Structures are given as structure tokens and as C-alpha cells.
Amino acid sequence: MTLRIAIDVGGTFTDGVLLDDETGKIWLAKSLTTYVDPGNAIATVTRELLEQYGTAKDVSQVVHGTTLITNSLIERKGVKTALVTTTGMRDALDIRRELRYDTYDLGLTYPKPLVDREDRHEISARLGPDGSEWAAVSSDEVSAVAAKLHADKVGAVAVCFLHSPVSSRHEEEVRSILAEALPGVPVSISSEVSGSIGEYERMSTTVANAFVQPLVKTYLERLRSRFTEGGIDGRLDIMVSNGAFTTAVQAGEFPIRLLESGPAGGVLSAINCGMLQNADNILAFDMGGTTAKSCVAVNGRPEITHTFEFAREKRFKKGSGLPAQTPSIDLIEIGAGGGSIAKINPLGLLQVGPESAGSEPGPACYSLGGENPTVTDADLILGHLDPDGFLGGTMKLDGSKAMQALAKLGSSVGLDALETARGINEIVNENMAAAARTHIAEKGLDARRFTLIATGGAGPVHAVDVARRLRIRRVLCPIASGVGSCLGFLVAPTRADRAWSKVEAVENLDRETLAARVAAAKNEIVDEITATGAHANSINWNLCVEMRYLGQGANVEVVLNPAVTASKQELTEKFLEEYTSVFGRIVPGGIPEVVTWRVWGVSGETVRRFELGSTSRAHGEATRRSLYIPEKNAMEEVEVLQRASLPPGTKLRGPCIITEKESSLIVSHSADVQILDDGTIEVVLDEVAT
Amino acid sequence: MSKLNPIATEILWTRLVGIVDEAAATFVRASFSTLVREANDYAVVLTDRTGRNLAQSSQSIPSFIATLPETVRLFSREFGIESMRPGDVFITNDPWYGTGHLNDATIVAPIFVQDDIVGFAGVVSHLPDIGGRLRNPANRELFEEGLQIPPLRLLHAGEEDKVLIRMIRENVRVPDETMGDIWAMTSCVTSLGLRLVNMLNETEIDLDEFANDIIGRTEVAMRDAIRAAPDGTWAYEIENDGPAELKGGVVVIRATVTISGDIVSVDYEGSSDQVNLAINTVLNYTKAYSAYALKSLFAPWIPNNEGAFLPISITAPEGSILNPLRPAPVGARGMIGHLLPPAIFGALAEPLGERTQAAPGSPSNNIQITSLSGRKRYAINAFLGAGQGGGAGRDGASAVSFPSNLSNTPVEVLENQAPIEVQSRHILHGSGGSGRFRGGDGIGMTFKFRGESSAMASFMINRIKCPAPGLFGGGQGKPAKLEINGNAQIASGSHVLSNGDLVIIETGGGGGFGEVK
């Protein structure tokens, strides 16, 4: 018997799930996040899980994810960090890219760099763009810098030299001198942390990594010993932003890769739910109090992005933050959640968000003094929320306050309270649908073939209508969506990547050299993956190459068969095919070239069926409540069912409402609704003639 | 019955801006030159069938947003809308009908629904090269400035115009990059058209009706914002580095701004006459940067479209530096055109006070170097920002592109493309003017030329003679500097660089705002 535990430390709650690997049974626990020592909540949750199950003896693995690193970057609670860089380049952090993120705003401000100017040191070592040495590393010079860093009581060092993605030797040389002179002070080098060309973005990423590294190292070490004290001696693995887990040691070296670990877990959990129901194309949809997020996944693979921004000066304003180049699950995020405030803008249009009423004063219906109507107020009036059943009945919602706020807002543009509520709902759902539509279209896919998977407190409330707008017919609502990130951690594979850049025309490619390089990379990956306890023959291989026309700066990704070495002709053909699908036409006379090769191995990529450990079925009475039906543009009484009372196999017809403690699934359209054998709710919208 | 209401319009408007941004993102990915992907020197605009601007890419060069609709109207006049067929793509770089210099190409495609044109997709981009002498204020005739592409069809119903393409290829230094960008622009307008047609099909919306709605709303909001400001007429003069033939060697920009009810007008009577140097600014470009300044002051938050321009009128005397006659040289027009926002801010300082901002140190600083490296031709083109003026409620930002919006090119990319060694790129601390709100600091850049063959280089460095003035008693910014092998240059111009030559550039500090208390 093997047990595995997943723990997710979020901004509000610390969630835990214990899985019996053989039976697929899960037990859940939740506790408020303890900011002073997050380990307290983790210990509480772990204890609760083990009490439910009975023993700690057989826990083979704990997978952990956390938003704490993201928070410490946003709140700038890192250590005093120094930067060592090439002579003349220390101001790169202030100069940024010189771009204004809002063309018309004359008073823009920019986030302060994480390292003060007096803590940025320059040394004369220099490489040329081809990696040749223009000036060698002077160990005397580096030692003098080390002495200064020691005197300044620096807690971490970032090293970023020009052209290190081409040759990392200077960064490595300087790291070893610094490491010797500054025992206990971690050194991050840019060629390892980021490895992309473009000094500003790479420097910013490396500095952010160094800034939080000592804290993360200590945190993970304490966590390890806490688990040991609790009688758990299984491995501690950490979830990273790209949707895989890695060892605690690796995570301690590259904490910047953990920024989106929680949301990545949520997406994996949604994908798992979809794959179990044979959905190849998945739109994971999650909506909480302030934002809605979605992610497109095809054949079980989420979209990955390599650019990320944190500490934005203006929320949702691209370019106003600090860049971090690290592979992350590509989340489409819009500033619309339950607390988002609706207003009439100066153009006379109804607008929702991005300002949020938060929990205080909160939406008007909370009766805590909030006067602005929010998405929650609209949901209440449309019958999406139960005034007496919100948050499991712990909070009463005042419909008359919501009505008043909506009526007041709408009156200035000739809308009544219901029309205003309907408008708010439409705008939120349509904005979310529009964002997803773009991502799906960019991949050349047809939205109608997708399955939408809804999680988060407000996700199931809006999911069916978002799906309808995308012409998606099938919506799934997994069990235990309140701890979705944890379920994702438990299905996350272990993964190791190797990449190398060598720009050359396809015409000049040497097939034998390439084959040897791929083989060497595979050997390294086998070593890394087997270190996590996986078997070498369990590894699934992937190979792709980024290609472009000679002279271009951006690449298109060409997926190749990892088992054979492609011929020049195959490479060219695949590139042209991919290029046409992205850009609509090829470039006459253009010369295809390869840029970056990526090999990765994935082990333990499984689809996993979960089942709640405690199976007591509640006997909730079905009730009725008034729900807004868009097709009829009117309110209508529909059945409200308790999810916990519905056994697998139950079949229902929409419109209807299915509620549980964390959320409500709202089906305002004609649809077949079914409880599947693992407890997932499936909604299939009736086909509408278009 | 109309489908438009405060809800439907909001949803459709968001989607319309979204599809333009998507087309722009595709263009950046497909482009061949660093001018697009590193410097952001482009804009994508969608117009209705009459050339009214409906939406543009969020990350856009302010001038291009306003010039592109003019170019669309030119194509309509020149070819007649009835002669246009699906798959037609038009191109020009005419400065008077385009963006004010030959270096930018404007590419436009009509968007058809069945047999009818419903709108136009357009993109403007700074081409990697256009032949002629390097873009340079010292050029004295338009004919030195490169290949002129009059309004022409690049694609005839989808068929490439082989003659035109051959002409372009033979006349530019880096034909693969240049044509690569032109094809990327072609993809961009084609895909923008498709996206619009999809949106119209899905939503069953009438584009004309929708255009009237959003343009009307923007116009009303702009008029309201103007009406809220006091009526009156104010004038301001700003000076900039100019040719010796002008009095004192300086160019004078005189802006007289009148607010009358919900209308604002700017007249440039009293500005210098056109000159035999490539710093003349065609009326299209003059209008564009004037409108940019007014929108930034009055209603920065309004989504931009034709409606924002309707309450604005801009005039400049024919034959002046802000409305030159053909064939005046115009290549470095940004060196003067970028002064229009600070001139307007200065004029409106009295009625608008704290909302205004002192002058930036930045009008258009630029470096170009071209030669052969082995047998391969290179041509780099990189921008440097400077200090923004203090004001608008805060100290001026340092090292930023204003009023344009161009990125720097990473040092790693520059050194990859041309044989130079960038020894330093740093902030010039203390170069911003003093004031209650300090001016932002300029940028210093030092590089050594390492090429074996000598290269042609052109530097457009502004404010060597005339530093950025302060506002309301704020101090002036530090002037700019261009030094080659220790010799300070008195003006921008072209130079031959040989192995080992050392170039030092310092861009100007921004002006300060208000007296220090």
C-alpha cells in the first residue's frame, strides 16, 4: 500500500489531499494559510489527513506547491541581493526596454528593480557575441567584489554577463570564485536560470531567482524536517509552473520556476478529469473572487508560455511589471471575478472590473456597506446564487440591496435592475469566451470540439454560459474542485528537459552530429528522471525544434518523431506546413533554419481516477428557485439539487441547479445533465440550429 | 431593431480591439527586422469603408495611428473603391500621404463581405532599409533618401506584382529582410481581414452602424473633456537644433492653441520655414503628433478612434517646417515632429496646470550602421530614449521613449548583428532638470566599432544645442552629446566608422516642472 500527499499553500487556504495509490481513494483537508510560519497550516492539514486515514507509515511522496514565492516577490520580502554583471551593464535593470506600457498616459510609473544600484557590481570579463573571449575573468577583480559583498552582508548574488546563453564559462568561473569566498550565500547564474538572449529580461529573471532563493531553501528544509518529525519519511517533491514536479533540491536552486505552481496544479487536475472522459481538447476554466483564468490543453498537454511578468504596476496591464522568463502553463487571465465592480464608464457603456470590491465592503448584497453592484450581485438577482446557502449557509445575501445597487447603476443608461444584472453576466462571460476563442483559433482548432472543465468558487456558476458562447457543448464539473490544485499535483508527471541553441540553415545540418547530440541529451534526462525514483523504461520521449526563416527573430515550433533523426527534406516540409498554419502564407525565397532543439522526457504521465474516501451520501431535499433563462429572457422556477445527494448514474434535464458547499453549477439552458461514475457532473447542451 | 446597447457595444468593442492586437502579435512574430520585434516601430489599424479609424494595436507608434487612415483614403481616391477586388493588397511609402518619410511602408487591404468592401486592414512598419543615403538630417533632397514607392498594388487579387517586387529588391541594402517584412505585413492585413469577417458573421453586426456608435461615443467623451477646460488662446515657443542657415541655428516651433467650447485648435503660424535638411515634417505627421498630445492631455483613457480627432483642428502654414512642399527632404522628421507635444503642453500649461508636463530630452535619437561583414551586408537601426519631462503628478521617467514609443535593442542583439562592442549603456544620473517634479535622466551609450571593413554610420541625436526647457520655473535638462574619438560633434549627421573608432552618445535630460521649494 502506498500513500501520497499533496499540499497547496494558497493566498487564503492551505489545502491537502491524501491519496491511496492503489484504490484511488482520496481524503481532503483545508486550513487557513498561516503567514508567519506556513509550516503550521501545512502541519495541521497533514495531521488531519493522516487522522482520517489512520497511519503515516506508508507515505511515499509529498508533492507541494505554493504561492508564497510569488507573494514574496510582489511584497519584495526577499533577501538583500547583489548583481554582478558585465562592465557598463548594471543600469540595464533601470533602462528596461524604454517602452511605455500605455501610449496615452503621461504619468506612468515603473516598478523599482529588486536590486539597488549600489548593490550592482561590474567586472571587466567579456565575451563576444559568438562566445569568443574578449577579456578574461580576473580573479583578483572578482575577489575584490566578493570582499565588498561580504562587507555588505549580501544574502544572495545574481550573476548575469553579456552573451552567456552562447557560452556560460565566465558565469561559471565567477560563480566558483564567489561561492568559495562567500560560503552559505547562494549564487544564481543567468545561463542556468534563464538562458535566453536579451540581457534585460534574463537579468531580471536571475535577480528575482536570487532574491527569493535563501528563503525558499530554508522553507523547504524546514518543511522536510517537519514532515520527518510527523513521521513521514517519503520524498518531498515540488510542483513547478510548467506542470511537472521536480525534486526539492532542484526547486531550491530555481525558485523562480515555482511562480505559478498552484494554478498549474489546477489546470492539470482539470486535464485529468477531461482525459478520463475521453476529451482530447480541453478548456480549463477557473473563476474566483477577483479573476477568471483559463487554459487550453490539447491531447492532455497544456499550452506553455516562456514569458511571465510579476509585480505589475497596473494590474492586467501588460508591460507594467518585471519580466521573468520561465516556462509556465499559459493562463489566459481576465480581471473578472465575483467581487468585480460594474460601472457605467464615461462612454456610456456598462463595464465590469478590473476594480474589485474584495471581501470588505464586498458586493452590495453582503450588507457590509458596499454600494457598487458586483458580479456576485448580478448572480444573486439572476438566481445563480442562493441567498441563504452562500458559502454553505454561513453568509446571508441581501437581494434587495443587490437590486437597489443594480437599478441605480442601470438607470443612467436606461436599463432596469434585471437588464443590468443580465448585462454584467453577459460581459463577464463574453470577455472570458473571447479570450479563449483567440487562443483556440491561434492553434488552428475548432472550439466546438472542446470540453470545458469548470473549477473554482464561481467557475461552475458561469461555465455553461461561457461554453455556449464558444459553441462548446460539453461541460464537466469534477469532484473536490475546491482542492483541485492538489489533485493536479498528484497526477503531475516528473519531467526533465534539455535544450540547446545552434542556429544553422536546414541545408547545412549534419544528421550524424544531430543524432549524437540528441542521444547525449537523452542520457542526461534518464539520469535526472531516475533520481526521482522512476524507471528509465517508463519515460516518454519528446523532441521538437524551433525553426524560422533566416533573418526572423521569432520561431515556430516543429514537433518531430523522437525516435528517428529527421531528414533535411522532412524538416523543411514540416516547417512550411507549420508556418502556413500560423501565418497564412510562406515567405517566397525564404531560407529555413533551425534555432533551438528541445528534448524532454516525461515519466508517470497518467490519467488517474479519484474517488472520495468518505462516501457518506447526504440526503438533501430538492428545492426550487427562480433562475434567469436567457432563451426566454425571463425568470423561471427550476429544480435545485444537492450534489452530495446525487448518486452516479443520475440523469437530469437543464435548466437546473446543482449546489454544493463550495459552489453551484448553473445550467440555464436546455441540456442533458448526468452524474458520471466518479462523481463528475457532465452537462451536454442541446444542439442549437444556427 | 438595432442590436447595439450599452452592453452589446462594450462586448463588441473589446472584441474589435482584441482582433487588431492578435493581428499585431502575428505580425511581430513573422517579422524579419529588429525594428519590429525589438523596437516596436509599427502600428496596425482597422478602418471602416470610408477610412475612419476604428481600432488600433495597443502597442502602437502614436503617429502611425493617425497617418494610416489618411493613407487608406489615398488608396481609395487613387484606385477607386469599385476597382478593388478580394486579395488586392496596396503599398506606398509616399511621405506626404504616409508617415512623413520613405522609411515606413504602409500596406492596406480592403476587407470584403461577399462583394462589398466593409473596411480596410492596414499596417505601417519601418522597413529595415529603403536604399539611398542613410536616414540622416543632413540629407538635402528627398531623392537622396531612398526608393519612392508611389501608391501601387503589391498583390493583384492575390497575385504578386513581380515587377514591383523586383524593383524594391534591387533598391535596398538588405532585400531579404525588407521583403520578409513586407510579406509579414501582407499576412497581417490578410489575417486581420479574416478575423473581422469572422466576427461580423458570428455577431451579425452591421459594421457601419457599429462604427457610428463607437466613433460617436468617443467623440462625445472627447468633447466633454475639452468643454471642461477653460476657453482661451495661448501660445508657446520651443526651440531645437537646426541648420546654420536658420537664424541662430535653431528651429522655432510656435504653437497657438485655442479652446473654444468643445473644440480645440492648434495653429503653427510663426514656426520656422521649411529647410534644406531632412527635418521637415509633413502635415500628416504634424497633425498626428498634435492630436496625440491633445488626447493625452484631455482624455487619455478613451479607446482611440476617429471620434477623438473630430473635435480637433490642426493647421500649419504651407511651406513651413511643419507643412513642407514636395520634394523637401523629410527622413529625420521625428527630430522636429516629436517637439509638438511639448509645444502644446507649454501652451496649455496655464489652463491645465498640473496635468501638463515639461519637455522631454528625447525627440528621436537613433543610430544606424551599415557595411559588409565578410560577404554579408548588415544594416542596424537602433533607438535611444532619454529623460521624460517632470509633471503629470510625478518626476519624469528616466530612459524612456517619448512621445514616440520605441524600444531599445538588446546589447546582445546589436553585437550579434553588427561588429560593435557596446562598452556601456547607462543612466546619466543628474541630467534631468531640477524642479518640484524633476526631469527624467537621459541615457549614455559608448561603443567601439570593431569591423574590418569601414562602415557608414548615421546618428540622429537631438538637443545638442537646445536642451529640454522646464515648465513653471523648473530647470532645463542637460543637453545631449555626440562624440567620435574624442571630438564633440556640433550636429547629427553621417560618418564613416573604421576599426577601433569610439563613439560616445549622451541623450538629453527631461525638463523639470515647478520650482524647487
### Query
In segment A:54-89, which residues are within 14 Å of chain B (Cβ to nearest Cβ) and either among the small types (Gly, Ala, Ser) or farther than 29 Å from residue A:121 by Cα (or both)?
A:88
### Query
Are any of the residues in segment A:415-422 farther than 30 Å from residue A:680 by Cα, more than 13 Å from chain B (Cβ to nearest Cβ) and among the acidic types (Asp, Glu)?
no
### Task
Output the number of residues of segment B:18-76 satisfying the condition of being within 25 Å of residue A:587 (Cα to Cα) and of a type in the set (Asp, Glu).
4
### Message
As an exercise: evaluate residue B:80 against (1) small (Gly, Ala, Ser); (2) at positive phi; (3) touching a helix residue (DSSP H, G or I) at 6+ places or on another chain (Cβ under 8 Å) and give the number of the one condition it does not meet.
### Response
(3)
### Query
Looking at (1) within 10 Å of chain A (Cβ to nearest Cβ); (2) assigned to a strand (DSSP E or B); (3) more than 24 Å from the chain's Cα centre (by Cα), which is the one condition that is false for residue B:495?
(1)
### Task
Could you tell me whether segment A:566-577 includes any residue that is outside any loop (DSSP other than H, G, I, E, B), in contact with a strand residue (DSSP E or B) (Cβ under 8 Å, 6 or more places away or on another chain) and at pLDDT below 90?
no
### Query
Which of the following residues is over 19 Å from residue A:626 (Cβ atoms) and modelled with pLDDT of 90 or more: A:343, A:401?
A:343
### Task
Output the strands (runs of 3 or more DSSP E) that fall wholly within segment B:359-456 and possess 2 or more residues being touching a residue at least 24 places away in the same chain (Cβ under 8 Å), facing chain A (nearest Cβ under 9 Å) and surrounded by fewer than 20 Cβ atoms within 10 Å (Cβ to Cβ), or say none.
B:420-427
### Message
Could you check segment A:411-421 and list, in sequence order, the residues that are buried (at least 21 other Cβ atoms within 10 Å of the Cβ) and over 14 Å from residue A:338 (Cβ atoms)?
### Response
A:415, A:417, A:420
### residue A:285 modelled with pLDDT of 90 or more, among the aromatic types (Phe, Trp, Tyr) and surrounded by fewer than 24 Cβ atoms within 10 Å (Cβ to Cβ)
no
### Task
Give the residue that is nearest to residue A:601 (Cα to Cα), with candidates limited to residues of segment A:288-312 that are modelled with pLDDT under 90 and hydrophobic (A, V, I, L, M, F, W, C).
A:304
### Which listed residue is touching a residue at least 40 places away in the same chain (Cβ under 8 Å) and part of a helix (DSSP H, G or I), from A:224, A:257
A:257
### Task
Scan segment A:341-370 for residues that are in contact with a helix residue (DSSP H, G or I) (Cβ under 7 Å, 6 or more places away or on another chain) and more than 14 Å from chain B (Cβ to nearest Cβ) and jot them down.
A:363, A:364, A:365, A:367, A:370
#### Entry: Qualifying positions in segment A:150-164 - surrounded by fewer than 19 Cβ atoms within 10 Å (Cβ to Cβ) and in contact (Cβ under 8 Å) with a residue 40 or more places away in the chain
A:152, A:153
### Message
Give all pairs with beta carbons closer than 6 Å in which a residue from segment B:23-36 that is touching a residue at least 12 places away in the same chain (Cβ under 8 Å) and more than 9 Å from chain A (Cβ to nearest Cβ) meets a residue that is part of a loop (DSSP other than H, G, I, E, B) and surrounded by 24 or more Cβ atoms within 10 Å (Cβ to Cβ); count only pairs at least 6 apart in sequence or on separate chains.
### Response
B:24/B:57; B:35/B:41
### Task
Could you check, for segment A:372-387, whether at least one of its residues is closer than 27 Å to residue A:264 by Cα, modelled with pLDDT of 85 or more and touching a strand residue (DSSP E or B) at 6+ places or on another chain (Cβ under 6 Å)?
yes
### Query
What single numbered condition from (1) buried (at least 21 other Cβ atoms within 10 Å of the Cβ); (2) modelled with pLDDT of 95 or more; (3) closer than 26 Å to residue B:242 by Cα fails to hold for residue B:462?
(2)
### Task
Can you give me the number of residues within segment A:388-425 that are out of contact with any strand residue (DSSP E or B) (no Cβ under 9 Å at 6 or more places or on another chain) and part of a helix (DSSP H, G or I)?
13
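This table checks each residue for (1) in contact with a Leu (Cβ under 6 Å, 6 or more places away or on another chain); (2) among the aliphatic types (A, V, I, L, M); (3) surrounded by fewer than 24 Cβ atoms within 10 Å (Cβ to Cβ); (4) modelled with pLDDT of 95 or more.
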position	(1), (2), (3), (4)
B:22	no, no, yes, no
B:30	no, yes, no, no
B:33	no, no, no, no
B:42	no, no, no, no
B:54	yes, yes, no, yes
B:57	no, no, no, no
B:83	no, no, yes, yes
B:94	no, no, yes, yes
B:108	no, yes, no, yes
### Query
Hey, among B:171, B:139, which residue is out of contact with any helix residue (DSSP H, G or I) (no Cβ under 8 Å at 6 or more places or on another chain) and either surrounded by 15 or more Cβ atoms within 10 Å (Cβ to Cβ) or farther than 23 Å from residue B:74 by Cα (or both)?
B:171
### Query
Hey, among the residues in segment B:141-177 that are of a type in the set (Val, Ile, Thr) and closer than 22 Å to residue B:96 by Cβ, which one's farthest from the other protein chains (Cβ to nearest Cβ)?
B:149
#### Entry: Complete set of residues in segment B:293-308 that are aromatic (Phe, Trp, Tyr) and at pLDDT 95 or above
B:298
### Message
Given the options A:125, A:147, A:135, A:92, name the one that is of a type in the set (A, V, I, L, M, F, W, C), within 14 Å of chain B (Cβ to nearest Cβ) and exposed (fewer than 15 other Cβ atoms within 10 Å of the Cβ).
### Response
A:135
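The values are calculated or read from the model by the stated rules, or taken from the named source; none is laboratory data. On a predicted model such as this, the values are computed, not experimentally measured, just so you know. Virtual Cβ from ideal backbone geometry, glycine too; neighbours counted across all protein chains shown.
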